[in-house]
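Novice: Input: one structure, supplied below.
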Amino acid sequence: MLGLFNEHPRPTAIICGNDFMAAGVIKAIHDKGYKVPEDFSVVGFDDNEVAKVISPPLTTIRVPVFEMGSLAVEKLCTMVESNRKLEEITILPCETIIRSSTGKCKEK
């Protein structure tokens, strides 16, 4: 992460694997004297409680975890009952939750 501050050109946005990681990235950005979203936009993934309470509130991707779990159990039961592998792929929609950690990219 710290190497990003020395890159030329420096990135304008950082997308993190989860909201806890994004909270750490925001802290590192602030510790280096930069601002979110003025200098870096930060996006998380999960929409957990951290996303709402950190400063600035985190833009994140909300994943339908309950629906994913229900569907997984349903498919597993079907596989056990039918004694066959399921070949289907199911895509569940995610939702982008826009908060204050993202902004317009600076003009160069």
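Novice: Calculate, for residue 67 and residue 27, the FRET efficiency according to 1/(1 + (r/R0)^6) with r their C-beta to C-beta distance and R0 35 Å; round to the nearest 0.05.
Specialist: Numbers: r = 32 Å, r/R0 = 0.91.
With R0 = 35 Å, the Cβ-Cβ based efficiency is 0.65.
Novice: Among residues other than residue 46 whose Cβ falls under 14 Å from its Cβ, what is the net charge (Lys/Arg +1, Asp/Glu -1)?
Specialist: -1
Novice: Need one number: % antiparallel among DSSP beta bridges in the chain, to the nearest 5. Let's see the in-between values first.
Specialist: Numbers: 3 of 10 bridges.
Antiparallel bridges make up about 30 percent of those DSSP assigns within the chain.
Novice: Right, next: Using a Gaussian network model of the chain whose springs link C-alpha atoms within less than 10 Å, name the residue from 25, 80, 63 with the highest mean-square fluctuation.
Specialist: Between 25, 80, 63, it is 80 that shows the largest mean-square fluctuation.
Novice: Expressed as an acute angle from 0 to 90° and rounded to the nearest 10, what is the orientation of the C-alpha long axis of helix 19-31 relative to the principal long axis of the chain?
Specialist: Taking the Cα atoms of the chain, the angle to 19-31 is about 10 degrees.
Novice: Under 23 Å from the Cα of residue 35, which lysines turn up, not counting those fewer than eight places away in the same chain?
Specialist: Result set, ordered by chain and number: 27, 52, 104, 106, 108.
Novice: Rounded to the nearest 500 deg cm²/dmol, what is the calculated helix-only ellipticity per residue at 222 nm for the chain, with -39500 (n - 2.57) per DSSP H run of length n ≥ 4? Numbers along the way, then the final one.
Specialist: Values: 3 runs with 36 residues, N = 108.
It lands at -10500 deg cm²/dmol.
Novice: Here's another thing I want to ask about it. In the neighborhood of residue 19, defined by Cβ-to-Cβ distances under 9 Å, what is the net charge if each Lys or Arg adds +1 and each Asp or Glu adds -1?
Specialist: -3
Novice: Here's another thing I want to ask about it. What net charge is computed for the residues neighbouring residue 92, neighbours being all others with C-beta under 15 Å from the C-beta of residue 92, Lys and Arg scored +1, Asp and Glu -1? List each step's numbers first, then the result.
Specialist: Details: positive: 62, 75; negative: 46, 47, 67, 74, 88, 95.
Taking every other residue near residue 92 into account, the sum is -4.
Here, each number is a calculation from the coordinates, and none is a lab measurement. The shown structure was predicted, so the numbers you read here are calculated from the model rather than taken from an experiment. All Cβ positions, glycine included, derive from the backbone under ideal geometry; neighbour counts span all protein chains shown.
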